[in-house]
Amino acid sequence: MKNNLLQLRETARQEISATKNLTELENIQIKYFGRKDGVLNVLLKSLKDLSPEAKKEVGQLANQVKVELEESLAKQKTILEKEDIASTLEQDRIDVTLPAIAPKKGSLNPTTLVQNELEDIFKSLGFMVLDGPELESDYYNFEALNIPEHHPARDMQDTFYIKGLAKNEKRVLRTHTSPVQVRAMQKYGAPLRAVAPGRVFRYEASDVSHDHTFYQLEGIMIDENISITNLIAVMKTLLRGILKRDVKVRLRPGFFPFVEPGFELDINCLICGGTGCSVCKQSGWVELLPCGMMHPSVLRAGNIDPEKYSGFAFGLGLTRLVMMKYGIDDIRLLNSGDLRFLKQF
Ligand code: PHE
């Protein structure tokens, strides 16, 4: 009996220290101390068959073994618990020196990028940045700009005419940003420096250089003694600021009913370098900046006295400029929503 106990103590110790995790340890505990058929209990039950002296002696030894084993179990438990925490920590380890995963950012349409840049340039020159309605009245889009109802100049711009809400009310999708000229003068008077970037619409078939929807940036500068010299100076500052390089320009006379004299400022085609391509229609030049001195009738429509004030106006082809700046050879990409295109900016 005594030997049995000592033998049991030895194997139990070995088994306890051999456990590798808490579950194994728990199983060992049940094996030896389990209430019903734990090895130790079974052994103790057989004490009743012994003589009183032997019972006392073996009983004491049994108790001692029990206490010893309980201690071993507790010790092993602490060891295994520590290991368990350590391995959890090891698995959850964070390398705080790793660079963070950057959140996915969208990007701006190249038109917006260039528009923002232009606004900054003009703000630095003291211009206000204005907005105007895309659904415009016939009056602001044409009449106030010296283009009366049956004037052939209306044919210069293919127009989306929209039925107004009231009878005889005429609306158009603005064909240019020029209606903002008169709106601005009526609102702010003279002297005045303002630009108005925005979307414009033309009823025309689309190809690589034409779209029904594109962007312009209108500009006006009105004060006493404003001349063509001021116009040229501002245009040069603008082109240098946005293209960040010297480009060849040329001025041609151009007809627009709301300016007199009127010009077309062309720039050397940046897509082909001037040798001729589909964007510049093989001419080597791209019409970029129609401009001129504001017509007295237009100033008057804006309640400004043409005897006292003069001004210049320009209508920058924002979409064209974007194409030139980034070398985009198909205008239709800009409004396509094609992510393969847009992600490049
Ligand atoms: N609004 C004209 C167009 O879209 C451009 C323009 C603006 C011309 C201002 C002269 C002055 O064709």
- Message: Give me the residue from the stretch 154-195 that is of a type in the set (S, T, N, Q) and in contact with a Leu (Cβ under 8 Å, 6 or more places away or on another chain) and, out of that set, farthest from ASP223 (Cα to Cα).
- Response: THR159
- Message: So for the stretch 330-340 (the condition being away from the ligand (no atom under 16 Å from the Cβ), assigned by TED's automatic domain parsing to the domain that holds ARG183, of a type in the set (Ser, Thr, Tyr) and not in a loop (DSSP other than H, G, I, E, B)), does at least one residue qualify?
- Response: no
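Going by the conditions given, is GLY126 modelled with pLDDT of 95 or more and on the phi > 0 side of the Ramachandran plot?
Answer is yes for this residue.
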- Note on the structure: Residue count, the stretch 276-303, condition more than 10 Å from the ligand (Cβ to nearest atom) and either open to solvent by less than 40 Å² (accessible area, probe 1.4 Å) or over 14 Å from ALA190 (Cα atoms) (or both), comes to 16
- Query: If you go through the stretch 170-205 one residue at a time, how many are open to solvent by 60 Å² or more (accessible area, probe 1.4 Å) and either closer than 19 Å to PRO290 by Cβ or in contact (Cβ under 8 Å) with a residue 12 or more places away in the chain (or both)?
  - Reply: 10
- Task: Run GLY273 past the list (1) in contact with a strand residue (DSSP E or B) (Cβ under 8 Å, 6 or more places away or on another chain); (2) assigned to a loop (DSSP other than H, G, I, E, B); (3) small (Gly, Ala, Ser) and report the number of the one that doesn't hold.
- Result: (1)
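For the stretch 227-268, give me the residue count where each residue is within 15 Å of the ligand (Cβ to nearest atom) and either within 16 Å of ARG320 (Cα to Cα) or in a helix (DSSP H, G or I) (or both).
10
Does the stretch 199-208 include one or more residues that are in contact with a His (Cβ under 8 Å, 6 or more places away or on another chain) and among the basic types (Lys, Arg)?
Taking the stretch 199-208 first, the residues in contact with a His (Cβ under 8 Å, 6 or more places away or on another chain) are 200-204, 206.
Checking which are among the basic types (Lys, Arg) leaves us with 202.
There is at least one residue in the stretch 199-208 that is in contact with a His (Cβ under 8 Å, 6 or more places away or on another chain) and among the basic types (Lys, Arg).
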- Exclusive hit being open to solvent by less than 50 Å² (accessible area, probe 1.4 Å) and not hydrophobic (A, V, I, L, M, F, W, C), set TYR326, TYR309: TYR309
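Out of all the residues in the stretch 25-59, which are closer than 25 Å to ALA86 by Cα and either touching a strand residue (DSSP E or B) at 6+ places or on another chain (Cβ under 7 Å) or surrounded by 15 or more Cβ atoms within 10 Å (Cβ to Cβ) (or both)?
LEU25, ILE28, GLN29, listed by residue number.
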- For the stretch 71-87, does any single residue satisfy the condition of being outside any loop (DSSP other than H, G, I, E, B), open to solvent by less than 90 Å² (accessible area, probe 1.4 Å), of a type in the set (D, E, K, R) and outside the structural domain of LEU173 (by TED's automatic domain parsing)? yes
- Message: Could you list, ordered by first residue, the pairs with Cβ atoms under 6 Å in which the first is in the stretch 258-272 and under 15 Å from LEU316 (Cβ atoms) and free of Cβ contacts under 8 Å to residues at least 12 places away in the same chain and the second is within 10 Å of the ligand (Cβ to nearest atom) and open to solvent by less than 20 Å² (accessible area, probe 1.4 Å), at least 6 apart or interchain?
- Response: none
- Query: What tally of residues in the stretch 34-62 results from selecting those that are over 26 Å from GLU24 (Cβ atoms) and part of a helix (DSSP H, G or I)?
  - Reply: 15
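The values are calculated or read from the model by the stated rules, or taken from the named source; none is laboratory data. Just so you know, these numbers come straight off a predicted model, no measurement behind them. In this analysis, Cβ positions are derived from the backbone assuming ideal geometry, glycine residues included, and neighbour counts consider all displayed protein chains. To get the accessible areas, we keep the full protein, side chains included, count just its heavy atoms, and leave off ligands, DNA and RNA. Shrake-Rupley method; radii C 1.70, N 1.55, O 1.52, S 1.80 Å.
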